[in-house]
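As structure tokens, the structure follows; a few thoughts come after it.
The values are calculated or read from the model by the stated rules, or taken from the named source; none is laboratory data. Just so it is clear, the model here is predicted, and its values are computed rather than measured. Here the Cβ positions follow ideal geometry from the backbone for every residue, glycine too, while neighbour counts run over all protein chains shown.
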Amino acid sequence: MYYRRKLILATLEEFGGKLNHTNLQKILFLITRNQEKKAFDFVPYKYGCFSFQANQDMSTLTKYNLVRSETVANTSNWVLTDEGLNFYSQLKKQDQSAIRLVKREISNFSQRDLIRHTYIKYPYYASKSQIASEILNKAEMEAVEKQKRNLSEAKFFTIGYEGISLETYLNKLIINDIRLLCDVRKNSLSMKYGFSKSQLKNACQSIGIKYIHIPELGIESEKRQELESMSDYNQLFEDYENTTLIENKESIDYLFQLTKEYQRVAITCFEKEVCMCHRGRVLNALKSLPHWDMQYKNL
């Protein structure tokens, strides 16, 4: 079992075997603040800090009957089953201490107190909350407002998701005030959680970022086999420029119009390094257009 799932089960056990959905997210967030290598990353969300990975893990743990979900009086709770017990002892000592520290810190908190505590201490994660104004006073709301991005400069970005979590990826989009994400993969399926088309689209939309897939600008997967050197990549991308980009000029024109409409746009694919990804050649095609005048950056 993944260690991060053991952490969830141990947290539920230490907190009495039952936590509502919102409280578990907040408690996991506070626990990870005390971890050198965080088990989960989080994004600003409707009710504050939220981990898509932790939420997905809860579905997996439910599937294996380690937890169950129950709703009582309109409150959804995660409940530990007998099969989910006794994972606390399997954690590292420092993580056991992190759980106990948070438990002591919030022992007398109501749900409202817990949410308020995370909003005040970590205002960035309250920046997309739908309830912040009900929870915080004017001065506290000002701290949250300062975390919101509303950048006026038009700018174009490229971003890869290699080696990072969905939440880290989304935070990069949020921090740079990206309003539209254009997926330029030919096939938008991924073995990495969060990056298949439907998952990525839903995650983006949930934090106010529009997602569009432009598969015409992708490279067929069979052409990406046996890439062992930079020379192999350059040969692939030169072929891409001489075929796909020429044959799909209307897609480049479409992307250009989207940059004018949304002002802060990112194109995405897998590779971390833009020099090893065709999105760099898409950017070059945009830069060659007569009316292109936008600053650009690889995230």
- Task: For residue 76, state whether it is in contact with a Phe, Trp or Tyr (Cβ under 7 Å, 6 or more places away or on another chain) and outside any helix (DSSP H, G or I).
- Result: no
- Has segment 156-179 got any residue that is hydroxyl-bearing (Ser, Thr, Tyr), over 21 Å from residue 251 (Cα atoms), outside any helix (DSSP H, G or I) and not assigned by the TED database to the domain that holds residue 42? yes
- Tell me, please, whether a residue that is in contact with a Cys (Cβ under 6 Å, 6 or more places away or on another chain), in a helix (DSSP H, G or I) and surrounded by 13 or more Cβ atoms within 10 Å (Cβ to Cβ) can be found in segment 13-30. yes
- Item | Close pairs (9 angstrom Cβ cut-off, 6 or more residues apart or separate chains): of a type in the set (Val, Ile, Thr) in segment 45-71, assigned to a strand (DSSP E or B) anywhere | 62/68; 62/69; 62/78; 67/78; 67/79; 67/80; 71/77
- Output the residues belonging to segment 269-288 that are assigned to a loop (DSSP other than H, G, I, E, B), exposed (fewer than 14 other Cβ atoms within 10 Å of the Cβ) and at pLDDT 95 or above. 288
- Item | Residue that is surrounded by the fewest Cβ atoms within 10 Å (Cβ to Cβ) [pool: residues in segment 106-145 that are within 24 Å of the chain's Cα centre (by Cα) and in a loop (DSSP other than H, G, I, E, B)] | 130
- Query: Across segment 180-191, which residue is nearest to residue 254 (Cα to Cα) among those that are in contact with a helix residue (DSSP H, G or I) (Cβ under 9 Å, 6 or more places away or on another chain) and exposed (fewer than 15 other Cβ atoms within 10 Å of the Cβ)?
  - Reply: 187
- Query: Just checking, how many residues over segment 244-268 are crowded, with 18+ Cβ neighbours inside 10 Å, more than 19 Å from residue 180 (Cα to Cα) and aliphatic (A, V, I, L, M)?
  - Reply: 1
- Task: Inspect segment 32-45 for any residue being aromatic (Phe, Trp, Tyr), within 17 Å of residue 16 (Cα to Cα) and crowded, with 18+ Cβ neighbours inside 10 Å and give the result as yes or no.
- Result: no
- Message: When the residues of segment 217-259 are narrowed to those that are of a type in the set (A, V, I, L, M) and not in a loop (DSSP other than H, G, I, E, B), which ends up nearest to residue 185 (Cα to Cα)?
- Response: 217
- Read through the list (1) among the aromatic types (Phe, Trp, Tyr); (2) closer than 19 Å to residue 187 by Cα; (3) modelled with pLDDT of 95 or more, then give the number of the only condition that residue 262 fails. (2)
- May I ask you to say which residue of 57, 41 is among the charged types (D, E, K, R), part of a helix (DSSP H, G or I) and within 26 Å of the chain's Cα centre (by Cα)? 57
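Yes/no per residue for (1) hydroxyl-bearing (Ser, Thr, Tyr); (2) closer than 30 Å to residue 45 by Cβ; (3) more than 26 Å from the chain's Cα centre (by Cα):
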residue: 207; (1), (2), (3): no, yes, no
residue: 219; (1), (2), (3): no, no, no
residue: 225; (1), (2), (3): no, no, yes
residue: 237; (1), (2), (3): no, no, yes
residue: 243; (1), (2), (3): yes, no, yes
residue: 256; (1), (2), (3): no, no, no
residue: 275; (1), (2), (3): no, no, no
residue: 291; (1), (2), (3): no, no, yes
residue: 295; (1), (2), (3): no, yes, no
- Do you know which of the residues in segment 60-100 that are aliphatic (A, V, I, L, M) and more than 27 Å from the chain's Cα centre (by Cα) is surrounded by the fewest Cβ atoms within 10 Å (Cβ to Cβ)? 73
